[in-house]
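The block underneath contains the structure these notes are about, expressed in structure tokens.
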Amino acid sequence: MEFALSEEQQELAATVRSLLAKRADPRVERYDAELWRTLCEQIGVASLAIPEEHGGFGASSFETSVVLEELGRHLVPSPLLSSVVTAEALLAGADDDAKARLLPRIAAGEVAALVDGDGPTLDGDLASIVVAVTDDGLFEVEGPETAWVPTMDQTIRLATVSGGTRTRIGDGPAARGRARLVGAVGCAALASGLAARALEMTVAYSRERVQFGRPIGSFQALKHRMADLLVLSEMSRSASWAASYAVATHAEDAEQLAHVAKSYCCDALSTIAGETIQLHGGIAITWEHDAHLVFKRAHALGRLFGSSREHRALVTL
Amino acid sequence: MEFALSEEQQELAATVRSLLAKRADPRVERYDAELWRTLCEQIGVASLAIPEEHGGFGASSFETSVVLEELGRHLVPSPLLSSVVTAEALLAGADDDAKARLLPRIAAGEVAALVDGDGPTLDGDLASIVVAVTDDGLFEVEGPETAWVPTMDQTIRLATVSGGTRTRIGDGPAARGRARLVGAVGCAALASGLAARALEMTVAYSRERVQFGRPIGSFQALKHRMADLLVLSEMSRSASWAASYAVATHAEDAEQLAHVAKSYCCDALSTIAGETIQLHGGIAITWEHDAHLVFKRAHALGRLFGSSREHRALVTL
Amino acid sequence: MNLDLSESELAFRDEARTWLAANVPPEPLPSMDTAEGFAAHQEWERRLADARWSVVSWPREYHGRGASLVEWVLFEEEYYRAGSPGRVSQNGIFLLSPILFEHGTKEQQDRFLPSMATGEQIWAQCWSEPEAGSDLASLRSTARRDDERGGWVLNGQKTWSSRATYAHWGFGLFRSDPEAQRHHGLTYFLFPLDADGVTVRPIAQLDGEAGFAEVFFEDVFVPDADVLGAPGDGWRVAMSTAGNERGLSLRSPGRFCAAADRLVDLHRERGGFDDAVVDAWIKAQAYRLYTWGTVTKLRDGGPTSDGVGAAGSVNKVFWSELDIALHETALDILGPEAEVESRWLDGYTFALSGPIYAGTNEIQRNIVAERILGLPREGRG
Amino acid sequence: MNLDLSESELAFRDEARTWLAANVPPEPLPSMDTAEGFAAHQEWERRLADARWSVVSWPREYHGRGASLVEWVLFEEEYYRAGSPGRVSQNGIFLLSPILFEHGTKEQQDRFLPSMATGEQIWAQCWSEPEAGSDLASLRSTARRDDERGGWVLNGQKTWSSRATYAHWGFGLFRSDPEAQRHHGLTYFLFPLDADGVTVRPIAQLDGEAGFAEVFFEDVFVPDADVLGAPGDGWRVAMSTAGNERGLSLRSPGRFCAAADRLVDLHRERGGFDDAVVDAWIKAQAYRLYTWGTVTKLRDGGPTSDGVGAAGSVNKVFWSELDIALHETALDILGPEAEVESRWLDGYTFALSGPIYAGTNEIQRNIVAERILGLPREGRG
């Protein structure tokens, strides 16, 4: 029992964090390809969860979640979530040939997307590897038509994917089950990182902003609201870690914990983001300030890979 | 359009209030028979909603709600709610003979109870007039067996009623529909009065209680919480008045407004009562202080004549 | 207690309903925070004014109908229920006009009210400053006396000025006595936004449009004729505006009842979230009922010095939180689709600013706690 | 990151589970706040102690098992899951014993710990005073030096003293230096509740029982041997207790997970309020997971001066609100039946006091805001 990041995991987080601190720009169009290349080449973020035999680093999807938490914290658009979801779907459902062919490309940083159902697909129009999952199987899709779907949060990119040539490469339900789990805990990790960041922003702002002759962060009513946010943020991180760990180790309670983490972290983030707006006041509703980016991304994360309500309904009691 | 108490109604409220200020004791066993007699003889509270032809005062059930609001405010146990519910059930469903026989007795202050379904009946073991309503009709019940049901809130008395001789005296569904409406808005009136009282208690306590060298009511976090309670209390009163008026005048929107008022006022009171406990601190959980009486009665009112959830489900959208 | 409408009130309501049904544009106008939309909204104001619906509560001589408060609330209910456009003239007709009626000279009233009623002149409010958001008393923009020209010279910066990007005139407080502290020595000015020395810089908002602007003043001359109320008396003059903005006028219940009705429609179409929908609907009703109580009080007793301002704070806290809850429920019902641009999404980003502008809800809660509940003030530095 | 239990942890857990399954009384004991129930709970403590389960984390020489923190949390989970009785000895074993181990002399440890472990001596905490609820630093009860007899003379009044009605010994802070202010000049005393000059007056609670009492001190002599830590150093000595009471020890997640499980059972039986039930269950899980993180931190780094106290505040705010929500949902499910006496109703009245005792949640939020978030302190007079 060691409910904490190992030294290696701490180092991974620190490396990603210091790179992002220098390079992250939440306002880029799509994602920053240069930054993505650095993350893949220098840190190998896309290869963490992929076994060595397929050109990966051979760690686990927990390590990917460690990176996602940092990406969440820096509000930076990135294809990592769709990449790990697709890789895990392939690992769970694809035949050996497809794994051998596709996983090394994902590990090397090619953008991958997984089409699951009729809704828009995460990073669907940016991916060079497109895989679709249905009740009947897992399919590689070549030459699909894609169209970007403009959404409130532009850092989480959605696109419709249709047409193209479909080749069956494995089992549908197994791949889908895995993808949904990994997607849910990936969102939880993004959410818990963003929650911590939003609270930091808010605390920093409230210490600086002076009204009625004192920093607004000294007003007790606001202090207590921020204290409540800290509780939410701390609980989020532990829920996210536990779920990512359980999913990475294929533990018995992985599904339950994934539902717990996705619903708890996204609900918590939604509260924190709303308070971030309110506690920043007027400045929060301008383009120039990041507060609205927090809010929009919180909103988008709440809907990606199943809403809190849906996950709550899936908890088996 | 005059959304305010008329002069007569204000006078009624003031008379009841000054009497209760002198005489109300929330800790009596059952209800204070002496006080009830005074309320009936001097002010005629039991006769307000009963037409003059049946020995009543010929005002309306709105006036009864004005009195209930004051009874709620003073936390005083009283058989007025069961009395007006039974009287209105008789007015809506009973045949002329039964009305002529029973209403004058209720107007004069005899305690009446209405049995509706299998659950315990309000004031069932104190009533000398017992009426039962079923799908098949309205019945006068003589010589029933009754048993007090111990509940958390002992100011709202419940008892099981069974057996006895039943004589059919009128239409069931009409009586039941009316009784439920009047019961719901009666609860809303009790709740809105109690909400105002609880907030007054809390504000007064917070101005007196000194911690860390200042009255706790000067701490901003607590001030803001009390401000939120004031909003709830004010909204409650207007919802309660509007619903009681609509029910009293048999307005088209009476049912909708009754659902609005019962659910809004009881939810608001539940929040206010919880905060009353929390803002009073340790003293709130002792017998000596009234705070726990507020809480218990809030809880009981929330369940009497249908829960908020049930009333929300009945709103026709 | 009497919740029935009189014959004449019913007739008034029916007339409004009929006219709106025939005249409200079937498609939403473009956003009033774009040049095109601003013009379209001005045109709509013109049509309202032609039929005498733009300022129903004003006297007839200024394009109004002398409508009672009850009639005004009824009109607002009908207005929003009909899905009518937002009021591009709201800063003028809701915030400034009550002050012009109370503190303005006859000359000022005659000069400004008619073009306000027709939408020909649109007014922007210039309250906040970068270092004085909620704390209006700490304003730093200055007015220097210029006896020679018979007026004042304004310098400084205002921000969160709604409509200022396209509006014609502005109003706001400036510190005319540099020695005075906080609430003292402020003067209430009216000024054209194309005056020499005025620069307007739009602020891009969440929805990408420029509903707000910063306004810079560099030696802007304002003649004495454009001072509202007495010099140095600006705080007292302005407070009635603040009360109005927070209170009854700007957020008539009609708006929320209409939004709740739209939410119910959405729910009927798609289902889900029953509890939250009913809850929002119930709260909109509670707000409507509470407003009738306030209307009665205002009509019978008239606004008292503190009473209405503080009751306005109760309103403000309630409607701004209701507005957010209502939109959140709509987005929940829309599910993943909620992320895609829609009228609900626009409404949501607007609702978010509700607790912030027109006196943050924190300020409102202070007002409720201190003025209504009588809780002790804190030291405020 | 590793959430798997070791072989020995699993074995420990299984042993506890087996013993509890065989020994937990099938029917709830009478309330420990009645004379009869107090005796029954003392008897239960005796049985626990005989099997070495009463103080698993203590060293073996004092009836413990030298269990690790992880094992302690596992034991607590099993304990509550098995529906075991409340711990009548909790003030002693959870609040006082950590201080005795840290600040007590060997003589004190040998004198007090064994009878605490067996439940023979039950301890009451005497913290609050009528004018010092949350604000412990404003205590007024005094200790006067008595050099002749070699000890101190206590005077004053304590209140909200849990278990004091039937307990044997008490512990609390008294002002030993009348010149000192606030946190200074306080001394930590241990005293028998049947000492000359001590009067215990039960306080009737919401549930009609006397779980709390007032304790009056009139010239009560306490020898130097019963001073815990150095005279005048009481605040520092006590703060570790306060941290413990608020934090990990008193509210192990096992308790809430077990309550959430009972709620799920109730829901399975009766249905309704699905969302709220799942929500409570999810929050109990989140609390459990958070605790594992705290346990890891404590084990690896040990408690830091501020770190654990403040983390304890996060715990306290969370569990006390969860406990209320959980019971409210149960009562909602019970519907009108909820009004009738039941285990849920009892639990509810107890949960209500959660945000109040052991440092109100307002105090906890101040601690979180100031010590963890680094927000500015307010002037506190």
Query raised in the report: Would you pick out the residues in region D:168-197 that are of a type in the set (Ser, Thr, Tyr) and part of a loop (DSSP other than H, G, I, E, B)?
Result: D:Ser176
Report task. Would you tally the residues in region B:48-66 being outside any loop (DSSP other than H, G, I, E, B) and away from chain C (no Cβ under 14 Å)? Result -> 3
Requested in this report: Answer yes or no: is there a residue in region C:16-27 that is under 30 Å from C:Arg201 (Cβ atoms) and either of a type in the set (Phe, Trp, Tyr) or over 20 Å from the mean Cα position of the chain (by Cα) (or both).
Outcome: no
Query raised in the report: With respect to D:Ala124, is the statement that it is part of a loop (DSSP other than H, G, I, E, B) and under 25 Å from D:Ala351 (Cβ atoms) true?
Result: no
Query raised in the report: Does any residue of region B:57-79 turn out to be aliphatic (A, V, I, L, M), closer than 18 Å to B:Val182 by Cα and in contact with a strand residue (DSSP E or B) (Cβ under 8 Å, 6 or more places away or on another chain)?
Result: no
Query raised in the report: How many of the residues making up region A:151-162 are more than 16 Å from C:Leu331 (Cβ to Cβ) and in contact with a strand residue (DSSP E or B) (Cβ under 9 Å, 6 or more places away or on another chain)?
Result: 5
Query raised in the report: Going through region B:18-46 one residue at a time, which ones are part of a helix (DSSP H, G or I), more than 16 Å from the chain's Cα centre (by Cα) and not β-branched (Val, Ile, Thr)?
Result: B:Ser18, B:Leu19, B:Ala21, B:Lys22, B:Arg23, B:Ala33, B:Glu34, B:Leu35, B:Arg37, B:Cys40, B:Glu41, B:Gln42
Query raised in the report: Can D:Ala330 be described as within 14 Å of chain B (Cβ to nearest Cβ), farther than 29 Å from D:Trp127 by Cα and at pLDDT below 75?
Result: no
Query raised in the report: Which residues, taken from region B:195-210, are outside any helix (DSSP H, G or I) and in contact with a strand residue (DSSP E or B) (Cβ under 8 Å, 6 or more places away or on another chain)?
Result: B:Arg209
Query raised in the report: Pick from region B:155-172 the residues that are part of a loop (DSSP other than H, G, I, E, B) and touching a residue at least 40 places away in the same chain (Cβ under 8 Å): which of them is surrounded by the most Cβ atoms within 10 Å (Cβ to Cβ)?
Result: B:Arg157
Report task. Kindly indicate which of B:Gly213, B:Gly177, B:Gly172, B:Gly186 is within 14 Å of chain D (Cβ to nearest Cβ) and out of contact with any His (no Cβ under 6 Å at 6 or more places or on another chain). Result -> B:Gly213
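So that you can scan it fast, the table gives a plain yes or no per residue for (1) touching a helix residue (DSSP H, G or I) at 6+ places or on another chain (Cβ under 6 Å); (2) surrounded by 22 or more Cβ atoms within 10 Å (Cβ to Cβ); (3) at pLDDT 85 or above:
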residue: D:Gly302; (1), (2), (3): no, no, no
residue: D:Gly309; (1), (2), (3): yes, no, no
residue: D:Gly312; (1), (2), (3): yes, yes, no
residue: D:Lys316; (1), (2), (3): yes, yes, no
residue: D:Leu326; (1), (2), (3): yes, yes, yes
residue: D:Val340; (1), (2), (3): no, no, no
residue: D:Tyr348; (1), (2), (3): yes, yes, no
residue: D:Ala351; (1), (2), (3): yes, no, no
Query raised in the report: Out of all the residues in region B:1-47, which are of a type outside the set (Ser, Thr, Tyr) and within 14 Å of chain C (Cβ to nearest Cβ)?
Result: B:Met1, B:Glu2, B:Phe3, B:Ala4, B:Leu5, B:Glu7, B:Glu8, B:Gln9, B:Gln10, B:Glu11, B:Leu12, B:Ala13
Requested in this report: Mind checking which helices (runs of 4 or more DSSP H) fall wholly inside region B:235-317 and carry at least 1 residues that are away from chain D (no Cβ under 13 Å)?
Outcome: B:254-280, B:308-314
Query - Verdict on A:Ser83 being under 15 Å from A:Gly186 (Cβ atoms), not basic (Lys, Arg) and not in a helix (DSSP H, G or I) - result: no
Query - Residues within region B:57-97 that are in contact with a Leu (Cβ under 7 Å, 6 or more places away or on another chain) and more than 28 Å from B:Asp25 (Cβ to Cβ), tallied - result: 4
Report summary line: The lone condition D:Trp160 fails out of (1) part of a strand (DSSP E or B); (2) within 14 Å of another protein chain (Cβ to nearest Cβ); (3) surrounded by fewer than 22 Cβ atoms within 10 Å (Cβ to Cβ) is (3)
Report task. Name every residue in region D:264-284 that is facing another protein chain (nearest Cβ under 9 Å) and under 23 Å from D:Gly86 (Cβ atoms), in order of residue number. Result -> D:Val264, D:Trp281, D:Lys283
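The values are calculated or read from the model by the stated rules, or taken from the named source; none is laboratory data. This is a predicted model, so every value here is computed, not measured. Cβ sites come from the backbone with ideal geometry, for glycine too, and all protein chains shown count toward neighbours.
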